[in-house]
1. Against the conditions (1) crowded, with 18+ Cβ neighbours inside 10 Å; (2) touching a residue at least 60 places away in the same chain (Cβ under 8 Å), where does residue 227 fall short? Just the number, please.
2. Any residue at all in the stretch 282-292 that's surrounded by 13 or more Cβ atoms within 10 Å (Cβ to Cβ), assigned to a helix (DSSP H, G or I) and touching a residue at least 40 places away in the same chain (Cβ under 8 Å)?
3. Name every residue in the stretch 71-91 that is out of contact with any strand residue (DSSP E or B) (no Cβ under 9 Å at 6 or more places or on another chain) and either surrounded by 12 or more Cβ atoms within 10 Å (Cβ to Cβ) or assigned to a helix (DSSP H, G or I) (or both), in order of residue number.
4. Being surrounded by fewer than 15 Cβ atoms within 10 Å (Cβ to Cβ) and under 23 Å from residue 130 (Cα atoms) is the filter here; which residues of the stretch 92-107 pass it?
5. Under 6 Å between Cβ atoms, which residue pairs at least 6 apart in sequence (or on different chains) link something in the stretch 108-128 that is surrounded by 14 or more Cβ atoms within 10 Å (Cβ to Cβ) with a partner that is part of a loop (DSSP other than H, G, I, E, B)?
6. Please enumerate the residues belonging to the stretch 202-211 that are farther than 17 Å from residue 181 by Cβ and either within 39 Å of the chain's Cα centre (by Cα) or surrounded by 15 or more Cβ atoms within 10 Å (Cβ to Cβ) (or both).
């Protein structure tokens, strides 16, 4: 009997691509591609031009902006985490550069990642004190990483781009998105009688000039910086309101259970185990299995237990333990209740 069917045949490297195609489930691939197409259409219809993305004249694709990236992440139900992968902080030469990785996850599983970089030698930062804009540069790198990661979800790179480095209008938009109070005060004015001075310096000597910029400037960066410098509380309130919207659209990962809460679960579980003659962890695992689908009590399960679910488990275990204590006291009560006997004469007192 031939054993050819059991012999592994090596596929030449040049044929490996065709081999993948030949072995692919075409119906499944067609379904996935259609799903991607449907999602792209939905995204394009629900994002707002000028707020979520910008249309640059002469380009084939709109540019995805930070608010748009946050909405897409919300629609996909993903959470984002950021990590500085490379940095240069040269205080002697006044040069700072950061590269950040943005990782998008869902249910604890990594979906994709993106990279973003920014440095103080970019044209937008030429007229500013580099030591005052380090945090701005860091936030810019974070934003770019976020957009880069978002573009890879559902192949959105063929719908949006983020290559806008030569577009002054969108450069200004990026800067206002990441501008803080200190950043605003350190913006240098490049024109007229206060050329080279910061907004903070001018504010002390010529407040009316800053008021004029806030009201009349057609440059988004200088106008926004002037408004923040004149009314930092109002500007902060606006920023906080915008952040609240962002937080609601991009929910943060649930808080994990604290050590104290885990200790309480352990205490209640051990008490119940002692009263029911089972293993110490069994009561806790049984309760958590009713709260969390698929709970097995593994180390991975415990490491992902949220504070909310842990609190629910504690309350349930406490009630269960108190119920066992009450039942024990009732079962061993030497004074039976009247209803437990057929009549008063049947009641036997322990000292009779």
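1. Single failed check for residue 227: (2).
2. For the stretch 282-292, residues surrounded by 13 or more Cβ atoms within 10 Å (Cβ to Cβ), assigned to a helix (DSSP H, G or I) and touching a residue at least 40 places away in the same chain (Cβ under 8 Å): absent.
3. The answer is 71, 74, 75.
4. Passing the criteria: 92, 93, 94, 95.
5. 111/78; 112/152; 125/133
6. Across the stretch 202-211, the qualifying residues are 209, 211.
Residue by residue, here is whether (1) at pLDDT 85 or above; (2) in a helix (DSSP H, G or I); (3) surrounded by fewer than 20 Cβ atoms within 10 Å (Cβ to Cβ) holds:
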{"site": "146", "(1), (2), (3)": "yes, yes, no"}
{"site": "164", "(1), (2), (3)": "no, no, yes"}
{"site": "171", "(1), (2), (3)": "no, yes, yes"}
{"site": "193", "(1), (2), (3)": "no, yes, yes"}
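The values are calculated or read from the model by the stated rules, or taken from the named source; none is laboratory data. Computed from a predicted structure; not experimentally measured. Every residue, glycine among them, receives a Cβ derived from its backbone with ideal geometry; neighbour counts consider all protein chains shown.
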